[in-house]
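Participant: Quick one: structure below, then a few questions.
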Amino acid sequence: MFTERASVGPDVHARSVAAAAIDGATGELIQARLTPNHDHIRSWIGDLPGPVAVAYEAGPTGFGLSRILNDNGIWCVVAAPSKLQRTSGERIKTDARDAVHPARLLRLDEITTVTVPGVEQEAARDLVRAREDCHGDLMRARHRVSKLLLRHGVVYTDGAAWTGAHHAWLARQHLGTPATPMAFDAEHETVLATLGRRDRLDATITAMAVDTQFTPGRAQGALRARDIRPHRLHPGRQDR
């Protein structure tokens, strides 16, 4: 059962925040346009008649606001966007509507929350995402090298591709006019640089998996990004 006097639903964007608060004692709707500075948001919420509870949609701005508010004694949950029920008349999205909507649902105990990760866990997610992005970059860089060579009739046939022997073979290639070797060298250097970046990320992830909260049986899972992805959504109100 919702017992706080005020419910707040900030609609958080990178450069601005549309904030809406519902005062349960008076029925007043209080709205403001804030900066995304967490101290500014916390100060505005602190001036509201309390006690106060806050809910905002999970999104690209992350979980820092939730952690700061909870650390300052303001109960805050992060809502799963796909679970915020809307009537047909509410589906025209504006910042003001997007702020009022979670504030209303919070009063009705109809917010489905996501688990807010700790700072260390979120850092681990960032690292694994960087590794996944690097893997994609490497695949694209290799593809560009292979296609460039293929356009010039050059195909490697002496074993598996992208081994040490293959890279040595690539370094020995001489292609046409000066422009083509320059293009090839640029693409191959990108492969080598990206490979080095991937190996550094792998080493850091391995060290993290061995020496942090993810240690018990999770080193392999961390490398595969399985154990440190965002938690599944769960219904109901988080514990205070």
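Participant: Considering S16, S43, which residue is surrounded by fewer than 18 Cβ atoms within 10 Å (Cβ to Cβ) and modelled with pLDDT of 90 or more?
Facilitator: Every option except S43 fails the conditions.
Participant: Continuing with the same structure: Which of (1) under 30 Å from R67 (Cβ atoms); (2) assigned to a loop (DSSP other than H, G, I, E, B) does R125 not meet, given it meets every other one?
Facilitator: Failing condition for R125: (2).
Participant: Another one. When you go through A20, A25 one by one, which is the residue that is within 19 Å of F2 (Cα to Cα), assigned to a strand (DSSP E or B) and touching a residue at least 24 places away in the same chain (Cβ under 8 Å)?
Facilitator: When all the criteria are applied, what remains is A20.
Participant: From the list R97, R142, R131, R107, pick out the single residue that is over 27 Å from A58 (Cα atoms) and of a type in the set (K, R).
Facilitator: After ruling out the rest, the residue left standing is R142.
Participant: Return the only residue of D109, D133 being free of Cβ contacts under 8 Å to residues at least 60 places away in the same chain and either part of a helix (DSSP H, G or I) or over 25 Å from the mean Cα position of the chain (by Cα) (or both).
Facilitator: D133
Participant: I'd like to verify a number: residues in the range 123-140 that are over 16 Å from T194 (Cα atoms), surrounded by fewer than 17 Cβ atoms within 10 Å (Cβ to Cβ) and not basic (K, R), how many?
Facilitator: Residues that pass the stated criteria total 2.
Participant: Pick from the range 66-104 the residues that are at pLDDT 65 or above and of a type in the set (G, A, S): which of them is farthest from E122 (Cα to Cα)?
Facilitator: Only one residue tops the list, namely A96.
Participant: Within the range 157-183, how many residues are more than 21 Å from L195 (Cβ to Cβ) and either not assigned by TED's automatic domain parsing to the domain that holds T194 or not in a helix (DSSP H, G or I) (or both)?
Facilitator: Count: 6.
Participant: Within the range 141-156, count every residue that is surrounded by 13 or more Cβ atoms within 10 Å (Cβ to Cβ) and either in a helix (DSSP H, G or I) or in contact with a His (Cβ under 8 Å, 6 or more places away or on another chain) (or both).
Facilitator: 8
The values are calculated or read from the model by the stated rules, or taken from the named source; none is laboratory data. In this text, all values refer to a predicted model and were calculated from it rather than measured experimentally. Note that each Cβ is placed from the backbone with ideal geometry, even for glycine, and that neighbours are counted across all protein chains shown.
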